[in-house]
């Protein structure tokens, strides 16, 4: 049988599923195929934080080359395989040393706590995303947030939280950031926080001070809580636009709202639980005289009374 899998591009074309039918059939009948198929499948589960270049390379060599005691040396693998193994090892090495960005995300109803390289802590609320460069962290404590989080920042160099609606700069403090499209809210629980919103507003917050940028307007108020209530299974709001309360309900209960028949600019002050969806919906909408219908597919239809 003619061997057609000995060119330099063959392995790359195989991984990309770009082989011809004839090439694919002949390759699958070879011993090399079974060895490289194992390597390819194993590579799908590689994660940079757990990767050890030396161990991984030794495993590749061990799995690919099996020494057999024999009076005759039998060449089982084409020459191109040796180059291919080296290329795979180099690829894994490149992936490890260049993957310096850390990403953390939460699902609906999920909370996680993330310890940063300087031992600062970030508590992510449901359906939120955090990203930072761990390699440059000691020189630049800079991260990106989508959604909502509570930060406990160790004292040190400037610490910046970037969002689509503005950025927050601190030195050492505890604060929350809640952001979505055209909305930014920051509450300071300890220390001092500087907020720069996309409205060109700059605000300095100390303990018990809060700031909100919404619909091209800015709002400020005082509060007395020692920590955000969502860490303990409930969400609390102070004169919050109803549209943002609904977003919080969606994140915590994986709901989808039909809001065509209500005024989303109404304001809500109060708390809803994370433990019972029906109680949560009644708590929010009954005071606003809005009726709701919760379907089995988690869709909620809202109608003003």
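The values are calculated or read from the model by the stated rules, or taken from the named source; none is laboratory data. Everything numeric in this text was worked out from a predicted model, so none of it was measured. Quick reminder, even Gly has a Cβ in these numbers, built from the backbone with ideal geometry, and neighbours come from all protein chains shown.
So for the stretch 277-295 (the condition being in a loop (DSSP other than H, G, I, E, B), closer than 21 Å to residue 127 by Cα and out of contact with any strand residue (DSSP E or B) (no Cβ under 7 Å at 6 or more places or on another chain)), does at least one residue qualify?
No; the residues of the stretch 277-295 include none that is in a loop (DSSP other than H, G, I, E, B), closer than 21 Å to residue 127 by Cα and out of contact with any strand residue (DSSP E or B) (no Cβ under 7 Å at 6 or more places or on another chain).
Please verify whether the stretch 242-257 includes one or more residues that are in a strand (DSSP E or B) and out of contact with any helix residue (DSSP H, G or I) (no Cβ under 9 Å at 6 or more places or on another chain).
Initially, the stretch 242-257 is screened for residues in a strand (DSSP E or B), giving 256-257.
Next cut, out of contact with any helix residue (DSSP H, G or I) (no Cβ under 9 Å at 6 or more places or on another chain) only: none.
Looking through the stretch 242-257, none of the residues is in a strand (DSSP E or B) and out of contact with any helix residue (DSSP H, G or I) (no Cβ under 9 Å at 6 or more places or on another chain).
Regarding residue 215, is this residue at pLDDT below 95 and either under 27 Å from residue 253 (Cβ atoms) or in contact with a helix residue (DSSP H, G or I) (Cβ under 8 Å, 6 or more places away or on another chain) (or both)? Write out each step before concluding.
Details: at pLDDT below 95: yes; either under 27 Å from residue 253 (Cβ atoms) or in contact with a helix residue (DSSP H, G or I) (Cβ under 8 Å, 6 or more places away or on another chain) (or both): yes.
Taking the combined requirement at face value, the residue satisfies it.
Condition first: modelled with pLDDT under 95 and in contact with a helix residue (DSSP H, G or I) (Cβ under 9 Å, 6 or more places away or on another chain). Now tell me which residues in the stretch 221-241 satisfy that.
Answer for the stretch 221-241, where residues must be modelled with pLDDT under 95 and in contact with a helix residue (DSSP H, G or I) (Cβ under 9 Å, 6 or more places away or on another chain): there is none.
Is there a residue being within 20 Å of residue 195 (Cα to Cα) and either free of Cβ contacts under 8 Å to residues at least 40 places away in the same chain or within 22 Å of the chain's Cα centre (by Cα) (or both) anywhere in the stretch 245-260? Spell out how you get there, then give the answer.
Within the stretch 245-260, the subset within 20 Å of residue 195 (Cα to Cα) is none.
No, every residue in the stretch 245-260 fails to be within 20 Å of residue 195 (Cα to Cα) and either free of Cβ contacts under 8 Å to residues at least 40 places away in the same chain or within 22 Å of the chain's Cα centre (by Cα) (or both).
Look at residue 210 and say whether it is more than 19 Å from residue 105 (Cα to Cα), crowded, with 16+ Cβ neighbours inside 10 Å, over 22 Å from the mean Cα position of the chain (by Cα) and not assigned by TED's automatic domain parsing to the domain that holds residue 275.
Details: more than 19 Å from residue 105 (Cα to Cα): yes; crowded, with 16+ Cβ neighbours inside 10 Å: yes; over 22 Å from the mean Cα position of the chain (by Cα): yes; not assigned by TED's automatic domain parsing to the domain that holds residue 275: yes.
Spelling it out, residue 210 is indeed more than 19 Å from residue 105 (Cα to Cα), crowded, with 16+ Cβ neighbours inside 10 Å, over 22 Å from the mean Cα position of the chain (by Cα) and not assigned by TED's automatic domain parsing to the domain that holds residue 275.
Please enumerate the residues belonging to the stretch 117-172 that are farther than 27 Å from residue 232 by Cβ and touching a residue at least 40 places away in the same chain (Cβ under 8 Å).
Selection gives 166 alone.
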